[in-house]
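Quick note: the coordinates plus some simple rules give every number you see, no bench work behind them. Everything numeric in this text was worked out from a predicted model, so none of it was measured. Neighbour counts run over all protein chains shown; Cβ positions are idealised from the backbone, glycine included.
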Amino acid sequence: MNCLFCKIIKGEIPSSKVYEDDMIYAFRDINPMAKVHVLVIPKLHIPSADGVDEDNSAYIAHIFEMIPYIAKAEGLDGGYRVITNCGDDACQSVKHLHFHILGGEQLSDKMC
Ligand code: DGP
């Protein structure tokens with residue numbers, strides 16, 4: 001499978017790692033949209049939020065268990081935004097489920 005984020009997980013493409021364990025990987029977005037912009041991905045290839053099911057949802061639960069830990073480590077004491085783009089209408093550009101963590105400054109009150 002020719003998946004950019006699977007290659008990042010395997011270390012075939014370099015990335016700036018923020019956190020890693022046996023289920024998930026977190027790294028800095030190459031094109032940051034805020035002072036802090038981290039991507040959190042499951043090590044299992046799930047194409048998007050639309051591919052979450054009872055067989056793989058433990059990965060998503062674990063991502064959300066670790067997001068507060070990552071946010072604290074990044075100093076996001078004032079809050080942060082968690083976003084996932086799902087499918088073409090949402091402009092999902094990498095077809096491996098990922099959650100954006102954005103913060104480190106006052107974010108726009110517009111969701112889109
Ligand atoms: P989305 O548009 O929601 O599919 O977000 C994909 C994000 O992935 C986008 O913000 C840029 C980021 N990205 C794309 N290629 C790379 C890469 O090679 N390295 C890193 N660190 N981020 C990437």
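Checked against the criterion of being near the ligand (Cβ under 10 Å from one of its atoms) and at positive phi, region 88-102 contains one or more residues that satisfy it.
Here residue 50 fulfils each of the conditions (1) under 16 Å from residue 16 (Cα atoms); (2) in contact with a Gly (Cβ under 7 Å, 6 or more places away or on another chain); (3) loosely packed, with under 15 Cβ neighbours inside 10 Å apart from (1). Residue 82: in contact with a Gly (Cβ under 6 Å, 6 or more places away or on another chain) and within 14 Å of the ligand (Cβ to nearest atom), yes or no? Spelling it out, it is not the case that residue 82 is in contact with a Gly (Cβ under 6 Å, 6 or more places away or on another chain) and within 14 Å of the ligand (Cβ to nearest atom).
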